[in-house]
Amino acid sequence: MFTGIVEELGKVVEITPQTGGLRLSIAARTVLSDLKTGDSVAVNGVCLTAVEVGTSDFSADLSQETLDRSSLGSVSIDSPVNLERAVTPTTRLGGHIVQGHVDGRGKFVSAVKNGDYFTVTVEFPPELARYFVYKGSVCVDGISLTIAKLSEREFEIAVIPKTWDVTNLSALRPGDPVNLEADIIAKYVGRLLSVRTEDDRDTISMDTLRNAGFL
């Protein structure tokens with residue numbers, strides 16, 4: 001589990017094709033301080049397992065499912081990637097609950113500078129629309145962000161200078177794919193609303209949602 005607060009910007013240094021997937025080697029500093037083989041690390045918002053840990057980089061294997069679902073299949077040597085280690089029981093939850101399970105690929109549309117700040121627009125696939133709300137949380141390439149404006153197929157996020165400087169947002173170009181993870185609470189509520197009751201006549205009631213603590 002993660003918080004969406006990026007710890008550092010890593011760099012892809014090696015890509016090794018494998019049968020049914022590939023291995024990425026990523027240069028890093030901060031996350032290597034206590035990273036061990038078998039530990040989870042979010043790479044552009046994708047939860048990966050460190051299979052090799054060196055003094056200046058670590059490697060992780062990506063299955064075909066991960067390549068199909070995320071944008072990591074399109075990275076190249078020297079691509080900047082956002083890195084975050086898994087949370088601990090005493091970690092401050094500075095962002096929101098992030099699982100590192102990408103729901104779909106969005107598209108970077110634009111970044112407009114307003115003084116020292118940026119307004120970033122992202123296009124999302126229609127099947128994710130119901131999970132996004134104005135002022136709600138969204139994870140974009142592993143970054144916990146707040147939706148400042150929402151339309152049928154796009155949302156805008158206000159990016160502070162610190163986030164712009166320490167993440168890969170400044171390296172994105174119009175049309176680039178980005179990994180999107182919707183708020184886990186929104187996904188649970190969506191699932192509850194879609195489940196039928198035992199007699200299969202009605203969708204789950206508002207009373208059921210209240211009793212479950214969602215309302």
Just to be sure, is LEU180 within 26 Å of VAL87 (Cα to Cα), modelled with pLDDT of 95 or more, assigned to a helix (DSSP H, G or I) and open to solvent by less than 40 Å² (accessible area, probe 1.4 Å)? no
Could you tell me which residue of segment 2-12 is least open to solvent (accessible area, probe 1.4 Å), considering only residues that are part of a loop (DSSP other than H, G, I, E, B) and on the phi < 0 side of the Ramachandran plot? THR3
Could you grab me the full set of residues in segment 76-127 that are under 27 Å from ARG191 (Cα atoms), open to solvent by 50 Å² or more (accessible area, probe 1.4 Å) and in a strand (DSSP E or B)? ARG105, LYS107, GLU123
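Please work out if ILE15 is closer than 25 Å to LEU172 by Cα and open to solvent by 10 Å² or more (accessible area, probe 1.4 Å).
yes
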Complete set of residues in segment 128-146 that are part of a strand (DSSP E or B) and among the hydrophobic types (A, V, I, L, M, F, W, C): VAL138, CYS139, VAL140, ILE143, LEU145
Identify all residues within segment 32-75 that are closer than 17 Å to VAL178 by Cα, among the aliphatic types (A, V, I, L, M) and assigned to a loop (DSSP other than H, G, I, E, B); write none if there are none. VAL75
Only one of these is buried (at least 20 other Cβ atoms within 10 Å of the Cβ), touching a strand residue (DSSP E or B) at 6+ places or on another chain (Cβ under 7 Å), more than 29 Å from ALA186 (Cβ to Cβ) and of a type in the set (A, V, I, L, M): LEU62, LEU48, LEU24. Name it. LEU24
Pair list, Cβ < 9 Å and 6+ apart or interchain, from segment 60-73 residues that are of a type in the set (Asp, Glu) to residues that are open to solvent by less than 10 Å² (accessible area, probe 1.4 Å): ASP61/LEU24; ASP61/LEU48
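So for segment 115-125 (the condition being within 15 Å of LYS11 (Cα to Cα), out of contact with any Leu (no Cβ under 6 Å at 6 or more places or on another chain) and hydrophobic (A, V, I, L, M, F, W, C)), does at least one residue qualify?
There is no residue in segment 115-125 that is within 15 Å of LYS11 (Cα to Cα), out of contact with any Leu (no Cβ under 6 Å at 6 or more places or on another chain) and hydrophobic (A, V, I, L, M, F, W, C).
The values are calculated or read from the model by the stated rules, or taken from the named source; none is laboratory data. Note that the structure is predicted; figures quoted are calculated from it, not measured. When we count neighbours, we look across all protein chains shown, and the Cβ atoms used for this are built from the backbone with ideal geometry, even at glycine. For accessibility, only protein heavy atoms count, side chains too; no ligands or nucleic acids. Shrake-Rupley method; radii C 1.70, N 1.55, O 1.52, S 1.80 Å.
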